1. Does the stretch 109-129 hold any residues that are within 15 Å of Asn50 (Cβ to Cβ) and free of Cβ contacts under 8 Å to residues at least 24 places away in the same chain, and which are they?
2. Can you pull out every residue in the stretch 28-49 that is in contact with a Gly (Cβ under 7 Å, 6 or more places away or on another chain) and either of a type outside the set (A, V, I, L, M, F, W, C) or outside the structural domain of Trp99 (by TED's automatic domain parsing) (or both)?
3. Between a residue in the stretch 174-197 that is in a helix (DSSP H, G or I) and any residue that is surrounded by 11 or more Cβ atoms within 10 Å (Cβ to Cβ) and among the hydrophobic types (A, V, I, L, M, F, W, C), which pairs come within a Cβ distance under 8 Å, given they are 6 or more apart or on different chains?
Amino acid sequence: MKKTEIIFAAMALIGLLFKCLFWPFAGLLITIGLLGLSCFYFYFSFALFNNIPLKKILKKESYTADISEKRDYRILIAVFWGTILSILLTGLLFYLMRWPFAFLLITAGIILSIPMLIISTIRFDKTKSTFYIRIFIRVAIIGGIALFFRLMPSTTWLEFQYRNHPKYIELLKDSWNDPDNIELQKKIDEYWDNYYK
């Protein structure tokens, strides 16, 4: 299962690199990578965080209690964390692709993380289980990246991404201020079409 996680994360990072270098297929790689990782955490976090191999997901003995803590608590916590990580990754995807509601998703993921971090820290303090370490590593990486993009001004990524196209940046900023202006949208499309001809 960790290999699947690494493959999706690598695709997203390669797509981000492609996007910064204006190479083709950047959006496709980012979308497949982040959306795949988001779905992976949403559906398989209970198994990933509890170290249950894919072959044993449907076997009853995989969910029996262990010495340090009952598995049902751990599965419930893993499902909550999987959902939160999924929301954060979807927000990052929306942000990088400049789709609407990106900040809303990232903010919701960060707000949901706070009580879960408190609960997980208390449980870790009692059990010292590696289960929580597996969660904390992923939350630190994904949550840190999401928080970075959330705190960054909304135009910074745009200015970095299209640093060689100042006119295009100005057109996009104008379209944010006047989203219903059809003429402005046509100018944006014309500029981009002329650049790629």
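The values are calculated or read from the model by the stated rules, or taken from the named source; none is laboratory data. Note that this is a predicted model, so its numbers are computed, not measured. Here the Cβ positions follow ideal geometry from the backbone for every residue, glycine too, while neighbour counts run over all protein chains shown.
1. Phe124
2. Gly33, Tyr41, Ser45 - these are the residues of the stretch 28-49 that are in contact with a Gly (Cβ under 7 Å, 6 or more places away or on another chain) and either of a type outside the set (A, V, I, L, M, F, W, C) or outside the structural domain of Trp99 (by TED's automatic domain parsing) (or both).
3. Asp174/Leu184; Ser175/Leu184; Ser175/Ile188; Leu184/Leu171; Lys187/Leu171; Ile188/Leu171; Ile188/Leu172; Tyr191/Leu171
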